[in-house]
Structure formats: structure tokens, C-alpha cells
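Student: Below you will find the structure I want to go over with you.
The values are calculated or read from the model by the stated rules, or taken from the named source; none is laboratory data. Small disclaimer: the values here were computed from a predicted structure and weren't measured. Note that we place each Cβ from the backbone using ideal geometry, even for glycine, and neighbour counts take in every protein chain shown. For the accessible areas, the whole protein counts, side chains as well, though only heavy atoms, and no ligand, DNA or RNA atoms are used. Shrake-Rupley method; radii C 1.70, N 1.55, O 1.52, S 1.80 Å.
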Amino acid sequence: MGIVLGPNRYGKAETRVVRIVRDTERHQIRDLTVSTSLHGDFAAAHTDGDQSHVLPTDTQKNTAFAYAKKHGVSSPEDYAIALGSRLLEATPAAEGAVVRVEEHAWDRIPVNGFGHDHAFVRRGGEVRTTVVEVTSAGPVVTSGLRDLVVLKSTGSEFTGFLRDEYTTLADADDRVLATELKAAWRFSRLDDVDWNTTWDAVRARLLATFATTYSRALQETLYAMGRAVLEAHDEIDRISFEAPNKHHFLVDLEPFGLDNPGEVFIAADRPYGLIEATVMREEP
């Protein structure tokens with residue numbers, strides 16, 4: 001039985017690109033982590049050490065910087081499409097280019113009730129994400145977010161689950177529901193999409209649905225969130241979630257002579273339940 005090269009790709013990971021727009025005295029900032037990769041007919045580089053068809057990863061890095069200036073960064077999606085298209089054009093052996101962008105948000109520092117023109121404070125936690133794959137058929141865009149930590153102090157239960165001889169978990173008819181959400185939604189069309197407005201709208205709908213849905217399980221909440229997004233956005237054909245269950249356990253305060261009617265909890269970070277789900281439109 002012979003030995004052959006399997007699927008492969010190569011690229012430049014986590015290039016830190018900061019683009020500041022100075023067209024007026026009120027500056028704008030876009031702070032990105034950009035990863036690029038190419039896949040296609042690069043077998044000779046692996047089997048024969050032939051690099052003649054390989055666009056160096058250093059060139060991919062340089063192109064990420066150049067396109068932040070040449071094309072600009074009106075949105076992560078628009079920038080990633082332009083960058084991926086350029087890399088595919090520059091590499092004849094490539095069948096596809098994948099560009100992953102994470103945006104780190106900055107807020108203006110408030111001074112005398114107004115956001116300062118050129119001073120910013122880094123917003124913590126949540127990251128905006130984009131993955132664009134460009135092939136000869138055109139770009140496929142998946143937008144999303146990660147590290148969005150949300151919590152409900154009531155309006156959630158977990159009861160009636162399967163039990164066996166190793167089950168010790170008690171039914172919870174009123175529990176804290178918390179997760180650190182990762183979500184990614186794929187676009188079925190790219191025409192007339194305002195990337196920034198759509199991202200804001202999807203995020204707002206996810207949060208509103210999380211807040212207002214009575215949850216009998218995190219699975220049910222994720223399905224409700226995904227359904228709400230698809231019902232509101234016909235340009236999106238699927239949305240996928242990764243949601244670790246950030247457990248909050250009631251602390252026993254009886255040894256201290258204190259009652260604890262759902263007020264004091266210990267937040268446990270490990271181990272945790274991990275719920276993953278995709279909500280999609282039915283195939284015609």
C-alpha cells in the first residue's frame with residue numbers, strides 16, 4: 001500500500017493589524033487579528049521541496065497590512081473578501097484562500113460627557129469574528145462572535161433528565177443559566193448586505209432572545225436564538241453555536257447559621273457542560 005499526501009494548507013496566523021483613519025480630527029480605529037491560509041496544488045512543496053508555486057507566508061502577512069491601507073477596513077467582512085481575493089489571484093496553484101479576522105473593539109474615552117477624538121479604552125471580553133473563503137466560485141462569508149458572557153439569574157430549569165446508577169445531579173426548577181457564547185452565521189447571499197449593521201442586529205437579537213426565553217435547557221435556548229436570527233435575516237442560511245455551561249452552584253451557608261434562598265453561589269469553571277448546535281434552513 002502506497003503513501004500519499006493528504007489534505008494540506010498553509011498560511012500566516014494571527015497577524016496583528018491596527019488601522020487608524022485620520023481623515024478628520026476625530027480618528028477611527030479598527031483593531032484586527034488576521035489569519036490567512038491557502039489550499040490547492042502544493043504537493044511538490046511537501047514531496048519534493050519545490051517552493052516555486054508557494055506564495056510565502058511572509059507575503060501573506062505583508063498583503064494583510066497593505067490591504068488595510070489600500071482597501072481599508074470598513075468592516076471585517078469587506079476587508080477579508082478583498083484580502084482573500086488578492087491572495088487567490090496572486091497564487092495560481094491555490095484553489096482557495098481562507099481569511100479569518102477577529103476584531104477587538106475600542107471605545108472612546110469619555111471626557112466632559114463626550115467621547116474623545118483620539119483617545120480610546122479597550123473593550124473587554126467579546127470579540128467579533130469573520131471567516132471568508134474565496135474560490136473561483138466566489139466568496140463564502142461566515143460572521144460571528146466569541147467570548148460573549150451572558151447570565152440569567154432566573155427563568156431557567158433543568159429537570160426530567162435521564163438517570164442511571166452514576167447520576168447524582170438533582171433536579172433544578174430555578175437555576176442560574178450562564179454561558180460564554182461562540183456563534184457563527186453563514187450568509188447565503190452577499191448582495192446589499194451592510195456587514196456592520198447586520199452584525200449589530202444579529203448580536204442584539206441573540207441577546208434579546210436569551211433574555212426573554214424561558215429555558216428548560218441550554219439546548220432549548222440556543223435553538224430559540226438561532227431560530228430568531230433566521231426568521232429575521234433571510235440573507236443568513238445557518239447559525240452555529242458553541243456554549244459552555246458556566247455552572248453556578250448554591251453555597252451551603254447552614255454551617256454559619258445563614259439561610260441561602262438562591263442568593264450566594266460559587267462559580268465553577270471546570271469541568272463544564274459544552275453544548276454545540278447548528279440551526280439551519282431546510283433544504284428545498
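Student: Considering only segment 185-212, how many residues are hydrophobic (A, V, I, L, M, F, W, C) and free of Cβ contacts under 8 Å to residues at least 24 places away in the same chain?
Tutor: Total satisfying the criteria: 2.
Student: Going through segment 18-28 one residue at a time, which ones are open to solvent by 70 Å² or more (accessible area, probe 1.4 Å), of a type outside the set (S, T, N, Q) and assigned to a loop (DSSP other than H, G, I, E, B)?
Tutor: Passing the criteria: ARG22, ASP23, GLU25, ARG26.
Student: If you don't mind, there's one more thing I want to ask. Quick check on segment 241-284: of everything there that is among the basic types (Lys, Arg) and either touching a residue at least 24 places away in the same chain (Cβ under 8 Å) or touching a Lys or Arg at 6+ places or on another chain (Cβ under 7 Å) (or both), which residue is farthest from GLU157 (Cα to Cα)?
Tutor: ARG281
Student: Give me the residue from segment 192-209 that is closer than 29 Å to ASP174 by Cβ and more than 17 Å from the chain's Cα centre (by Cα) and, out of that set, surrounded by the most Cβ atoms within 10 Å (Cβ to Cβ).
Tutor: Within segment 192-209, the match that is surrounded by the most Cβ atoms within 10 Å (Cβ to Cβ) is THR209.
Student: Tell me, yes or no, whether segment 256-271 has at least one residue that is at pLDDT 95 or above, crowded, with 17+ Cβ neighbours inside 10 Å and over 19 Å from ARG175 (Cα atoms).
Tutor: Scanning segment 256-271 turns up no residue that is at pLDDT 95 or above, crowded, with 17+ Cβ neighbours inside 10 Å and over 19 Å from ARG175 (Cα atoms).
Student: I'm trying to understand the selection: among the residues of segment 151-177, which are small (Gly, Ala, Ser) and either under 16 Å from GLY273 (Cα atoms) or open to solvent by less than 80 Å² (accessible area, probe 1.4 Å) (or both)?
Tutor: GLY155, SER156, GLY160, ALA170, ALA172 - these are the residues of segment 151-177 that are small (Gly, Ala, Ser) and either under 16 Å from GLY273 (Cα atoms) or open to solvent by less than 80 Å² (accessible area, probe 1.4 Å) (or both).
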